[in-house]
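The values are calculated or read from the model by the stated rules, or taken from the named source; none is laboratory data. As the structure is a prediction and not an experimental result, all values here were calculated from the model. Note: ideal-geometry Cβ built from the backbone for every residue, glycine included; neighbour counts use all protein chains shown. Keep in mind that these areas ignore ligands, DNA and RNA; they rest on the heavy atoms of the full protein, side chains included. Shrake-Rupley method; radii C 1.70, N 1.55, O 1.52, S 1.80 Å.
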Amino acid sequence: MNPYGQVESTLKEILDVIKPLQDDWVTRFKIIDELRGTVQSIESLRGATVEPFGSFVSNLFTRWGDLDISVEVSNGLCLSSAGKKQKQTILAELHRALRQKGGYIKTQFIPNARVPILKTVSKWQNISCDVSIDNLQGQIKSKFLFWLNDIDGRFRDMVLLVKEWAKANGINNPKSGSFNSYSLTLLVIFHFQTCVPPIFPPLNDIYPTNVVDDLTGTKVDAERRIAQVCSSNIARFRSCRTINRSSLSELFISFIAKFSDINLRAAELGICPFTGQWENIANNMRWLPRTYAIFIEDPFEQPENSARAVSKKQLIKIAEAFETTRRMLISANLTRNTVLPVLVGSQKFRFFVNHSTGYTSNDGSRYPNPHAQSYRAVQPVPPLQIQQQRQPQFKKSRPSTSQMQLQAPKVEPSTSFLKARGSNVPRSNHQFQRIPSVPQVQVQVQPKSQKSRTEGYSTGQRPWQVQYNNQGQMWRPKSDK
């Protein structure tokens, strides 16, 4: 098998393991509803809404992904954010309520962070949750990334693969001075903008100004205005683009190669997804004075640096990870057993069926053989008891998330999760309302594993659905209002 063919098959195998299953969606909706119940039990938060955002909303999460939650004290009707002191007070009260209620493995309140946050780990599949207050910026950024999925389905695959690769190489942890997941997502966007032919346009061609600056008035009106502009510009780009037919392996290898000297480029150049170009830092007054090891501008909240946590020491390690991976991917003697340990963390090896005696990584470390018997080594938990008249069919060739969790409790969601109005995703007990928008963009999300496609292929049916229909209406949860 040629190197590209070997990498392609391995990448697809990785995606088949890390993409979320049906019970991953159900469990996250259950956690959201439990948090909503706790919030409503607090007298001072009566009427507040609980809204997910982040990778869960943008459909860029893996089976082990965290869950980001925003508690909107204004009930989402007016885009006025609470002050930092008020946020600290609310989160402290919520922290006490969660500890009294139980059901969380641990909770940690971080009041003095740039954005005050409450971190919890749910008893359901040990999913980590980050709770913040009035995180309106995070919500609109998540929806923007969700809309980008509709331009090309390979975007989601690349983001999942890059995040998994970064974790395997120890460069996806801002606490240690490396990238956060948002920065990695922006790197994928930038790669799609700068490949030939480009898959994504500069983001200022989709929305010409700072998105967060236009979060004024009511939430419904602001989101409608932003959605209308994005919908129209995405449709225009899709109608006149030159199709990029690169395979997933070609995109991944070129991504790794593009940033293999990132530590050298970062000394003079910044990454700007808003313009889709490398920008000279000395000529960009918005970025001065330069005090960061690397600059990856947040295109939705300029001139914020999404990679501000990256240290100079860790930037060298990041560049080494890119270069080491690049050399491995273009080597002549490429095999699945040499590729997999570099792209996937060793803790996930047991979910891959291997036909040899083990894996050897680039540094010579030896990993045990996760043979087919490894599936049996994990004590399975009884599957989700889902009562649904129209049960969707999901791929059975890999273990469920409940099988992956040795200590995971049995989850029995109520049937309210499954009222999806013809959609295939198990949902929370959301009702739906229509919000005026514009036609043209069909944005859908599917927990079911999909084969990566070249651009121009159908993205298939997805369960979390934001649909612009012929009447120019957008469906979304009532709790979003």
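General observations
- Only one of the listed residues (121, 115) is touching a strand residue (DSSP E or B) at 6+ places or on another chain (Cβ under 8 Å), in a loop (DSSP other than H, G, I, E, B) and free of Cβ contacts under 8 Å to residues at least 40 places away in the same chain. That residue is 115.
- Within the range 250-259, the set of residues being out of contact with any His (no Cβ under 8 Å at 6 or more places or on another chain) and either of a type in the set (D, E, K, R) or at pLDDT below 95 (or both) comprises just one member, 250.
- Residues that are surrounded by fewer than 22 Cβ atoms within 10 Å (Cβ to Cβ), at pLDDT below 90 and more than 22 Å from residue 210 (Cα to Cα), drawn from the range 125-144: 126
- Residue in the range 56-76 that is open to solvent by 10 Å² or more (accessible area, probe 1.4 Å), polar (S, T, N, Q) and assigned to a helix (DSSP H, G or I) present: no
Rundown of residues vs (1) basic (Lys, Arg); (2) open to solvent by 40 Å² or more (accessible area, probe 1.4 Å), yes/no style:
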site: 261; (1), (2): no, yes
site: 270; (1), (2): no, no
site: 286; (1), (2): yes, yes
site: 289; (1), (2): no, yes
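- Per the listing 197, 201, the residue uniquely out of contact with any helix residue (DSSP H, G or I) (no Cβ under 7 Å at 6 or more places or on another chain), in contact (Cβ under 8 Å) with a residue 12 or more places away in the chain and not in a helix (DSSP H, G or I) is 197.
- Residues satisfying the stated conditions in the range 207-229, i.e. without any contact (Cβ under 8 Å) to a residue 40 or more places away in the chain and either buried (at least 16 other Cβ atoms within 10 Å of the Cβ) or assigned to a helix (DSSP H, G or I) (or both): 213, 214, 221, 225, 229
- Within the range 72-98, residues that are farther than 12 Å from residue 132 by Cα reach partners that are modelled with pLDDT under 65 and open to solvent by 70 Å² or more (accessible area, probe 1.4 Å) with beta carbons closer than 9 Å, at six or more positions or on different chains, in the pairs 75/481; 76/481; 77/481.
- Being free of Cβ contacts under 8 Å to residues at least 12 places away in the same chain and open to solvent by 10 Å² or more (accessible area, probe 1.4 Å) is a description that applies to residue 236.
- Sole residue being more than 30 Å from residue 195 (Cβ to Cβ), within 19 Å of the chain's Cα centre (by Cα) and not hydrophobic (A, V, I, L, M, F, W, C), chosen from 74, 132: 132
- Within the range 303-355, tally of residues that are over 25 Å from the mean Cα position of the chain (by Cα), within 30 Å of residue 114 (Cβ to Cβ) and buried (at least 19 other Cβ atoms within 10 Å of the Cβ): 0
- Qualifying positions in the range 148-200 - open to solvent by 10 Å² or more (accessible area, probe 1.4 Å), touching a Phe, Trp or Tyr at 6+ places or on another chain (Cβ under 7 Å) and under 20 Å from residue 67 (Cβ atoms): 172
- Test: residue in the range 104-123 that is at pLDDT below 95, of a type in the set (Val, Ile, Thr) and buried (at least 23 other Cβ atoms within 10 Å of the Cβ): yes
- Matching residues in the range 93-103 - criterion: being part of a helix (DSSP H, G or I) and surrounded by fewer than 19 Cβ atoms within 10 Å (Cβ to Cβ): 93, 95, 96, 97, 99, 100, 101
- For the range 156-193, the tally of residues that are in contact (Cβ under 8 Å) with a residue 12 or more places away in the chain and assigned to a loop (DSSP other than H, G, I, E, B) stands at 8.
- Test: residue in the range 25-38 that is in a helix (DSSP H, G or I), open to solvent by less than 10 Å² (accessible area, probe 1.4 Å) and closer than 21 Å to residue 155 by Cα: yes
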